[in-house]
Each structure stands twice: as C-alpha cells, then as structure tokens.
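The block underneath contains the structure these notes are about, expressed in structure tokens.
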Amino acid sequence: MKIGNVTVDPPLLLAPMAGVTDQPFRLLVKEQGCGLLVSEMVSCKGLLYNNQKTKELLHFERQERPFAVQLFGADPDEMGQAAAIVETFGPDMIDINMGCPVPKVVNNGEGSALLKQPALIEKIVAQAVKSVKIPVTVKIRSGWDETSINAAEAARAAECGGASAVAVHARTRSQFYTGKADWRVIEKVVASVSIPVIGNGDIHCGEDALSMIKTTGCAAVMVGRAAEGNPWLFAGIMAALQGKEAPAQPTYAERFAMLLRHFAMLAEYKGENIAVKEMRHHAAAYTKGLPHSAQFRRRFNTAATGSDFALICREYQKQLAIC
C-alpha cells in the first residue's frame with residue numbers, strides 16, 4: 001500500500017495508544033512485522049508551548065521507519081504550526097487524531113468531537129497539508145453516536161483537505177472501546193473516497209484481518225488494544241496477509257522472555273522506577289488468560305524494583321511449568 005510517496009508493506013499498522021505505544025513497544029511490534037508504526041498522541045498546544053515532555057514523544061529510531069507522528073488539536077492554524085514542527089524531526093508522515101473518545105480531549109473540541117464538524121475537519125487537514133511536504137493522514141471513528149454515523153462524510157472532508165489516507169475505527173465515540181465494531185461503516189467509507197482506507201476494530205488474529213479486507217475492501221488494517229501483551233499478533237497477521245501458515249503461539253517461556261525484554265527496554269528508555277510502574281499494565285496484558293494470572297497481577301502491582309519484577313516473573317513461570 002502507498003500513502004503518498006510512502007510504501008507500507010505489509011499493509012499492517014499499529015494504532016496509536018497513549019501510555020502504550022512508546023518506543024520500546026513499537027520496536028517489539030516492528031520486529032514481528034508491523035508495516036507502519038505510529039507515535040502516541042502528541043498535543044499541538046504542547047508543541048507550540050515548547051513542552052519538553054511533548055517533544056520527547058516525537059523521537060524515534062531509524063529501524064522504526066516508516067513512522068508517523070499523530071497530532072491532536074482543533075485549531076487549523078495550530079495544527080499547521082505543529083505539523084511544521086513535527087516535520088523537522090523527520091517522520092515519514094503525520095496523522096491527525098479525530099477519533100479519541102476520552103473526555104479531557106473531547107471536552108476541548110478535539111479528537112472525536114471533530115466528527116460533529118466536517119467543515120472544520122477539512123480546514124484542519126488543509127492547513128496541515130499546506131504546512132508540510134510529507135503525507136498527512138487522518139484517523140476517525142464511525143461517528144459521535146449511533147444516531148450520527150457520519151464516517152463517510154468525515155472521510156470525504158479529510159480527502160478534500162488533502163489527506164493521503166484515512167483510518168476508520170468502526171466504533172462510535174459513545175461506544176468508547178466496548179461493543180462490536182461495525183465493519184459496514186468501513187465499507188461505506190471505502191466507497192466514498194479515492195484515498196486508501198485503513199480498517200480498525202476487532203482484529204484479533206490473521207483471519208480477522210483477511211475477513212476485514214475481504215468484507216470492506218479496505219487497503220490495510222490497523223491493530224490497537226489486541227496487540228497489548230501480544231506483539232506476536234503482528235507476525236500472525238503478516239503471515240495471513242502473505243498467504244503463509246500461521247506461526248505457532250508463543251510458549252510460556254517465550255512469553256516471559258518477551259515480558260522481561262520489554263521491561264529491560266523500557267527501563268533503559270525511561271529509567272527503572274518509571275519502568276516498574278508502567279510494566280504493571282503490560283504485565284497484566286502479557287499474562288491475561290494464563291493460570292493464576294489474577295494472583296500474580298496483584299504481585300506485579302507491588303513490585304518496587306527491577307529485581308522484584310524479575311523475581312515475580314521467574315516464580316510465575318516456575319509455577320506454570322508445574323501446572
């Protein structure tokens with residue numbers, strides 16, 4: 001798949017997730033075959049106020065290419081200025097978030113609140129496109145709620161503004177992350193625009209990805225929450241897209257090796273104290289569905305050092321070996 005002048009192969013993308021898709025996680029996913037990585041959400045206002053923590057989200061490694069930075073904001077001029085700043089960091093493209101459902105974003109008129117104003121969508125995209133030379137894409141949802149499914153209209157507005165592709169999370173804002181994604185919305189968007197459409201929602205395996213592409217006609221698939229604690233998911237989807245046999249599911253030993261490697265990378269990137277706290281969430285995801293996982297999730301939440309975390313992992317792996 002081509003997005004502007006950027007080739008995305010395989011047509012498989014990682015969805016941006018705040019607090020999850022930092023550099024260590026992205027690198028692990030890239031190793032498993034992800035075709036395009038996207039940063040965590042970056043605030044336009046944070047960039048314009050020269051906030052250092054915001055700027056740190058723009059950094060990426062060469063091996064992460066192709067790489068996109070996702071911006072959120074609601075003012076066309078601010079979006080244009082922020083996009084110009086982002087371009088100086090060298091990403092391959094810029095994505096504009098118009099799908100985030102969280103109140104602190106929506107209450108500022110940003111994220112999925114923009115679905116209520118298609119005319120503003122076009123202006124925001126147009127200003128970003130005008131300000132940079134790299135491709136600009138947009139991520140939207142089905143609509144604000146079940147009474148206002150307008151993804152096709154929003155996608156057309158983005159295309160009119162000059163967007164090179166649009167990703168559609170087939171849930172409404174009111175659904176947040178619950179319920180079933182309605183892939184029929186993606187199909188309608190595909191029929192409404194000439195730019196590539198990326199489908200997102202309820203992809204948990206390679207068969208799901210193939211089914212979405214066949215059902216909707218989308219050019220690529222994007223995976224979000226299903227990838228948490230499961231970077232191997234991308235290897236399975238890539239195999240399906242290439243018509244190859246699905247790889248074997250990771251063993252307990254492989255799962256814990258990945259968990260500990262993830263921790264080591266995060267500790268190097270952010271420091272041990274922060275890594276221990278942030279890995280509590282990741283550890284819960286890596287061990288979801290395993291025997292005795294609730295008991296060990298509670299223990300992970302008490303870890304204070306890297307040594308504590310590693311010890312809990314070893315003890316849990318040992319217990320699983322004798323189950």
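Quick look at the numbers
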| quantity | calculated |
| --- | --- |
| 18 Å cut-off, amide nitrogen to a point 7 angstrom out along A239 Cα→Cβ, residues in region 1-19 | 10-12 |
| Cα-based shape type of region 154-225, given that a ≥ b ≥ c are square roots of the gyration tensor eigenvalues and the cut on a/c is 1.5 | oblate |
| Around V193: net Lys/Arg minus Asp/Glu count, Cβ-Cβ under 11 Å | 0 |
| Point-to-point label distance, T302-D77, nm (Cα→Cβ direction, 7 Å offset) | 5.6 |
| Additional length obtainable on full extension of the chain from D9 to T178, 0.36 nm per residue less Cα span | 57.9 nm |
| Pair-distance profile P(r), taking every C-alpha pair of the chain, with 20 angstrom steps and integer % | 33, 57, 10, 0 |
| Fluctuation leader among T21, T172, T287 - the chain, Gaussian network, Cα springs under 10 angstrom | T287 |
| Given charges at beta-carbon only (K, R positive; D, E negative), |dipole| of region 240-312 in Debye | 260 |
| Simple Cβ-charge dipole of the chain, Lys/Arg +1 and Asp/Glu -1, about Cα centre, in debye nearest 20 | 500 |
| Estimated inter-spin distance, Q117 and R62, nm [label 7 Å along Cα→Cβ] | 4.3 |
| Three semi-axes of the equivalent ellipsoid, region 90-209, Cα gyration tensor, whole Å, largest first | 21, 17, 13 |
| Separation between Cα centres of region 135-171 and region 12-74, rounded to whole Å | 20 |
| FRET E, pair K2, K55, Förster distance 30 Å, beta-carbon r, rounded to 0.05 | 0.55 |
| Which of F89, F263 is most accessible, then next, and so on - probe 1.4 Å | F89, F263 |
| Neighbourhood charge, 13 Å Cβ-Cβ cut-off, centred on A155 and excluding it, Lys, Arg +1 and Asp, Glu -1 | 0 |
| Span from the region 286-313 Cα centroid across to the region 205-248 one, whole angstrom | 28 |
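The values are calculated or read from the model by the stated rules, or taken from the named source; none is laboratory data. Please read these numbers as outputs of a predicted model, since none were measured by experiment. All Cβ positions, glycine included, derive from the backbone under ideal geometry; neighbour counts span all protein chains shown. To get the accessible areas, we keep the full protein, side chains included, count just its heavy atoms, and leave off ligands, DNA and RNA. Shrake-Rupley method; radii C 1.70, N 1.55, O 1.52, S 1.80 Å.
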